[in-house]
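Undergrad: Have a look at this one before I ask anything.
The values are calculated or read from the model by the stated rules, or taken from the named source; none is laboratory data. All values derive from a computational prediction rather than experimental measurement. A quick note on method: Cβ atoms are made from the backbone with ideal geometry, for glycine too, and the neighbour counts reach across all protein chains shown. Note: accessible area is taken over every heavy atom of the protein model, side chains too, but ligands, DNA and RNA are not part of it. Shrake-Rupley method; radii C 1.70, N 1.55, O 1.52, S 1.80 Å.
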Amino acid sequence: MTETLVKILFMPSGRRGSFPRGTPVLDAARSLGVDIDSVCGGRGLCGRCRIECMSGNFPKHGLISDTHHLSPFSATEARFEDKKGALPERHRLSCHANLIDDVVIDVPPESQVHRQIIRKETEHRDIRLNTATRLHYVEVETATLEDPRGEAQLLLDALRRDWDLDGLAIEPNVLPGLQQSLIKGQQAVTVAVYNSRDIIGIWPGLFETAWGVAIDVGSTSVAAHLCDLGTGEVLGTASIMNPQIRFGEDLMSRVSYIMMHPEGAAEMTQVIRRALNELFVELSEGAQGSVDNILEITLVANPIMHHILLGIDPVNLGGAPFALTTTEALELRARDLDLAIHRGGRVYVLPCIAGHVGADSAGVILAERPEQDLAMTLVIDVGTNAEIVLGNSERMLVCSTPTGPAFEGAQISCGQRATVGAIERVRINRDTLEPRFKVIGSDLWSDEPGFEDTLGTVGVTGICGSGIIEAVAEMFLAGIISAEGVINGALTDQTPHIFPSGRTYSFKLHTAATDGGHSDIVVTQNDVRQIQLAKAALYAGIKLLQDHMGNTKIDRIRLAGAFGSHISLSHAMVLGLIPDCPLENVSSAGNAAGMGARIALLDRDSRNHIETIVRWAERIETAVETRFQEYFVDAMAFPHHSDPFTHLFTAVAPPVIRNAAEKSDSPRRRRGRARQ
Ligand code: FES
């Protein structure tokens, strides 16, 4: 007698086949390679395998589908609904719905193992969910007098039988919990398997809460995203100031501290690890769970933060040849780093690229994927060092350049961090030279009614990185400073905002109230110089990469990090921080390093990918390049001594040319002072 075959079509994959009546939908899916999730192994417990049975005529596929073409709702499904709530209409557990007649089955995104996680950024592919840590439920045989196998072997045999998982090893420190889990779960347990290789967690019965944390350790702040490893959903985000700041504001001062205090490295390691543990508690409590639910961590950091966190002395990174202890990606046990997550938890650290180009840049590359197409993409992550990537699918170059802290508002006379009270936006009227500005904490411009009231007692306290960039760019566009960066003292007759200050001139943005306890906010000649030095270092690094690439055309510019998110991209180009490029092709990449850590957390294949890309990328060492000096000097001018900014000045009105500003500070004279 021949078996009756029924047809099944899975959407959205379009895979189809014929199976004997009575075949569970989940089995049909697996034999067709359709991606359906499961934690409980088809026992009707987890609900991950739910599908929707379509109703209607599908002439294109030659099928008529109906919910009655699947077996009646089973007792197991009814029990599942009692425990976890009703399934939506037409939805079934595919492990307990059997084929009766032809059907069209929709596999919703949440039931797909390798579902796409939508990234909000419009320019990017979504993340493919394919985590390194997976949960598997198994029922384990009971040990008997006749069977000499231990409980661990019985567990491994059950995993081989039910999940085709072979050659697994049980993490020694989770082994002691096996017996209790088996007793509590009446021989049923859920295990977490890392990289199809190690059992890193065991829980009694069905357990479905597996979390991971993607962390970006910056020198100023530390950001962490808590993600559900089952769904890819971000459950919470938290950030803190890097507590190492008390050892030094910037990276080099922390390295100096370690040089002068031999115990300093261990102290800094301890404070950053403690801070991460506090973040884990905050995130877990926010998601109504425990740090024991965190099974995996991915980490990105600049080389010095990377070394300190791993307990490696970073002193070698303080000077040439800036030797990293390792550039390789690392897989570690969380407990070996004193990170208080699940006792079997694992840590994946993205690879570093070079002495000043760290795992954070690897994260940026992973998020931005310049190697995906032929468009020549420039990605810049600005901190006290700017890490620069230039490349496309054919070649990729990376370097770092010492921009210093001016872009963060440091070494600026009225500079401050981007907090309430800081000027973050500036506009200067080209005719009257009257400035107006916006302050963090107020939605109003300074010349709008009620502005002062919105500031309360905080007042205007200083100017942050984005504010100083706009201020200097606006001063240049208004003709207050020359292309050489000199504040034009001849304009004192035209505006009270320009005033002498020693042998140079300053520009006053804001006059403080006499009783407010605040100072005037001014931009001094030295502030302009600091911005010139920082932007020239950045531009020179970019020029070097362009040189090595042999291609001066840049199709797309992406500015990563907090700096890139907050500055006005057109003002950055006016100053010549970045090369000329159509403005519509210049955009912020947000926290790309953190996004890279998140991608590495959710898609284990991305780890191999970034390790390969990092080996392939060519490092350019700016410190040994003789042309750096020349490029640096030429880049001191606004926007540049000789490079044309054609695209920029078709979109932005060119600067006002006023009476000749001081000529004595020409680029050639400054060449000798460059990079001091
Ligand atoms: Fe878990 Fe179907 S596989 S409910």
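Condition check ((1) assigned to a helix (DSSP H, G or I); (2) modelled with pLDDT of 90 or more) across all residues:
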| position | (1), (2) |
| --- | --- |
| PRO579 | no, yes |
| GLU584 | yes, yes |
| ALA593 | yes, yes |
| GLY596 | yes, yes |
| ALA600 | yes, yes |
| SER606 | yes, yes |
| HIS609 | yes, yes |
| THR612 | yes, yes |
| ALA623 | yes, no |
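Undergrad: Select from the stretch 154-167 the residues that are surrounded by 14 or more Cβ atoms within 10 Å (Cβ to Cβ) and either touching a residue at least 40 places away in the same chain (Cβ under 8 Å) or not charged (D, E, K, R) (or both) and list them in ascending order.
TA: Matches in the stretch 154-167: LEU154, LEU155, LEU156, ALA158, LEU159, ASP162, TRP163, LEU165.
Undergrad: Another question, then. Would you check which residues across the stretch 372-390 are at pLDDT 95 or above and within 18 Å of THR612 (Cα to Cα) and list them?
TA: VAL389, LEU390
Undergrad: Does LEU332 qualify as being within 23 Å of LEU602 (Cβ to Cβ) and free of Cβ contacts under 8 Å to residues at least 24 places away in the same chain?
TA: yes
Undergrad: Another question about this same structure. Restricting to the stretch 230-251, what's the tally of residues that are among the aliphatic types (A, V, I, L, M) and open to solvent by 70 Å² or more (accessible area, probe 1.4 Å)? Before you say what the answer is, go through the steps one by one.
TA: First pass over the stretch 230-251, keeping only residues among the aliphatic types (A, V, I, L, M): 234-235, 238, 240-241, 245, 251.
Okay, now just the ones that are also open to solvent by 70 Å² or more (accessible area, probe 1.4 Å), so 241.
Of the residues in the stretch 230-251, 1 are among the aliphatic types (A, V, I, L, M) and open to solvent by 70 Å² or more (accessible area, probe 1.4 Å).
Undergrad: Going by what's in this entry, would ALA386 be described as surrounded by fewer than 18 Cβ atoms within 10 Å (Cβ to Cβ) and closer than 30 Å to THR461 by Cα?
TA: Values: surrounded by fewer than 18 Cβ atoms within 10 Å (Cβ to Cβ): no; closer than 30 Å to THR461 by Cα: yes.
The answer is no for ALA386.
Undergrad: To continue, here is another question. Determine whether ASP101 is assigned to a loop (DSSP other than H, G, I, E, B), within 16 Å of the ligand (Cβ to nearest atom) and surrounded by 14 or more Cβ atoms within 10 Å (Cβ to Cβ).
TA: Details: assigned to a loop (DSSP other than H, G, I, E, B): yes; within 16 Å of the ligand (Cβ to nearest atom): no; surrounded by 14 or more Cβ atoms within 10 Å (Cβ to Cβ): yes.
Considered against the rule, which asks whether it is assigned to a loop (DSSP other than H, G, I, E, B), within 16 Å of the ligand (Cβ to nearest atom) and surrounded by 14 or more Cβ atoms within 10 Å (Cβ to Cβ), ASP101 comes out as no.
Undergrad: Which residues, taken from the stretch 27-74, are more than 13 Å from the ligand (Cβ to nearest atom), touching a helix residue (DSSP H, G or I) at 6+ places or on another chain (Cβ under 9 Å) and open to solvent by 60 Å² or more (accessible area, probe 1.4 Å)?
TA: Passing the criteria: SER55, PHE73.
Undergrad: Moving on to the next point. Can we say SER606 is among the hydroxyl-bearing types (Ser, Thr, Tyr) and either surrounded by fewer than 16 Cβ atoms within 10 Å (Cβ to Cβ) or farther than 19 Å from ILE542 by Cβ (or both)?
TA: Values: among the hydroxyl-bearing types (Ser, Thr, Tyr): yes; either surrounded by fewer than 16 Cβ atoms within 10 Å (Cβ to Cβ) or farther than 19 Å from ILE542 by Cβ (or both): yes.
Judged against the criteria, SER606 is a match.
Undergrad: Could you tell me how many of the residues in the stretch 205-229 are outside any strand (DSSP E or B) and open to solvent by 30 Å² or more (accessible area, probe 1.4 Å)? Give the derivation first.
TA: Pass one, the stretch 205-229, residues outside any strand (DSSP E or B): 205-210, 218-220, 229.
From what's left, open to solvent by 30 Å² or more (accessible area, probe 1.4 Å): 206-209, 220.
Selection size over the stretch 205-229: 5.
Undergrad: Inside the stretch 343-362, can you point out the residues that are over 21 Å from the mean Cα position of the chain (by Cα) and open to solvent by 10 Å² or more (accessible area, probe 1.4 Å)?
TA: ARG343
Undergrad: Return the residues of the stretch 300-317 that are open to solvent by 30 Å² or more (accessible area, probe 1.4 Å) and small (Gly, Ala, Ser); say none if nothing qualifies.
TA: Selection gives GLY311 alone.
Undergrad: Which residue pairs have Cβ atoms under 8 Å apart, sit 6 or more places apart or on different chains, and have a first residue in the stretch 342-358 that is within 16 Å of GLY218 (Cβ to Cβ) and a second that is among the aromatic types (Phe, Trp, Tyr) and open to solvent by 10 Å² or more (accessible area, probe 1.4 Å)?
TA: As it stands, the answer is HIS356/PHE322, since those pairs meet every condition given.
Undergrad: Looking at SER501, SER506 in this structure, which one is under 30 Å from GLY459 (Cβ atoms) and open to solvent by less than 20 Å² (accessible area, probe 1.4 Å)?
TA: Values: SER501 fails: open to solvent by less than 20 Å² (accessible area, probe 1.4 Å).
Just one listed residue meets the conditions, SER506.
Undergrad: Looking at the stretch 254-299, which of the residues that are open to solvent by 40 Å² or more (accessible area, probe 1.4 Å) and part of a loop (DSSP other than H, G, I, E, B) is farthest from LEU310 (Cα to Cα)?
TA: Let us first name the residues in the stretch 254-299 that are open to solvent by 40 Å² or more (accessible area, probe 1.4 Å), namely 256-257, 259-263, 266-267, 270, 274, 278, 281-282, 285-286, 288, 290, 292.
If we keep only those that are part of a loop (DSSP other than H, G, I, E, B) as well, we get 261-263, 288, 290.
Numbers: HIS261: 18, PRO262: 17, GLU263: 15, GLN288: 29, SER290: 24 Å.
This residue is GLN288.
Undergrad: What residue, among those in the stretch 126-152 that are open to solvent by 30 Å² or more (accessible area, probe 1.4 Å) and within 30 Å of ILE36 (Cβ to Cβ), is farthest from the ligand (Cβ to nearest atom)?
TA: ASP126
Undergrad: Pull out all pairs, ordered by first then second residue, where Cβ-Cβ is under 7 Å, the residues are six or more apart or on different chains, the first lies in the stretch 489-516 and is within 15 Å of ARG430 (Cα to Cα), and the second is assigned to a loop (DSSP other than H, G, I, E, B) and at pLDDT below 90.
TA: LEU491/ARG658
Undergrad: Also: Within the stretch 12-26, which residues are away from the ligand (no atom under 14 Å from the Cβ) and open to solvent by less than 50 Å² (accessible area, probe 1.4 Å)?
TA: Within the stretch 12-26, the subset away from the ligand (no atom under 14 Å from the Cβ) is 12-23.
Selection gives GLY14, GLY17, PHE19, PRO20, GLY22, THR23.
Undergrad: When you look at SER442, is it open to solvent by less than 70 Å² (accessible area, probe 1.4 Å), small (Gly, Ala, Ser) and not in a loop (DSSP other than H, G, I, E, B), yes or no?
TA: Details: open to solvent by less than 70 Å² (accessible area, probe 1.4 Å): yes; small (Gly, Ala, Ser): yes; not in a loop (DSSP other than H, G, I, E, B): no.
Considered against the rule, which asks whether it is open to solvent by less than 70 Å² (accessible area, probe 1.4 Å), small (Gly, Ala, Ser) and not in a loop (DSSP other than H, G, I, E, B), SER442 comes out as no.
Undergrad: Here is a further query. Need the failing condition index for PRO109 against (1) open to solvent by 10 Å² or more (accessible area, probe 1.4 Å); (2) under 26 Å from LEU165 (Cα atoms); (3) within 13 Å of the ligand (Cβ to nearest atom), just the number.
TA: PRO109 satisfies every listed condition except (3).
Undergrad: Considering each residue of the stretch 180-204, count those that are crowded, with 17+ Cβ neighbours inside 10 Å and either of a type in the set (Val, Ile, Thr) or not in a strand (DSSP E or B) (or both), and give that number. Talk me through it step by step, then tell me what you get.
TA: Going residue by residue through the stretch 180-204, those that are crowded, with 17+ Cβ neighbours inside 10 Å are 181-182, 185, 187-194, 198-204.
Subsequent filtering for residues that are either of a type in the set (Val, Ile, Thr) or not in a strand (DSSP E or B) (or both) retains 181-182, 185, 187, 189-191, 193, 199-200, 202.
Here the count works out to 11.
Undergrad: In addition: Could you check how many residues of the stretch 129-177 are more than 16 Å from ILE200 (Cα to Cα), more than 35 Å from the chain's Cα centre (by Cα) and among the aliphatic types (A, V, I, L, M)?
TA: Number satisfying all stated conditions: 5.
Undergrad: Take ARG79 and tell me if it is within 14 Å of the ligand (Cβ to nearest atom), closer than 29 Å to THR209 by Cβ, open to solvent by 40 Å² or more (accessible area, probe 1.4 Å) and among the charged types (D, E, K, R).
TA: Values: within 14 Å of the ligand (Cβ to nearest atom): yes; closer than 29 Å to THR209 by Cβ: yes; open to solvent by 40 Å² or more (accessible area, probe 1.4 Å): yes; among the charged types (D, E, K, R): yes.
Yes: the conditions hold for ARG79.
Undergrad: If you go through the stretch 309-330 one residue at a time, do you hit one that is touching a Ser or Thr at 6+ places or on another chain (Cβ under 6 Å) and not hydroxyl-bearing (Ser, Thr, Tyr)? Reasoning before the result, please.
TA: Going residue by residue through the stretch 309-330, those that are touching a Ser or Thr at 6+ places or on another chain (Cβ under 6 Å) are 311-312.
Next, only the ones that are not hydroxyl-bearing (Ser, Thr, Tyr) stay: 311-312.
So far as the stretch 309-330 goes, yes, one or more of its residues are touching a Ser or Thr at 6+ places or on another chain (Cβ under 6 Å) and not hydroxyl-bearing (Ser, Thr, Tyr).
Undergrad: A follow-up question, please. Can you tell me which residue in the stretch 16-59 is farthest from LEU5 (Cα to Cα), limited to those that are under 34 Å from the mean Cα position of the chain (by Cα) and acidic (Asp, Glu)?
TA: In this case the residue turns out to be ASP37.
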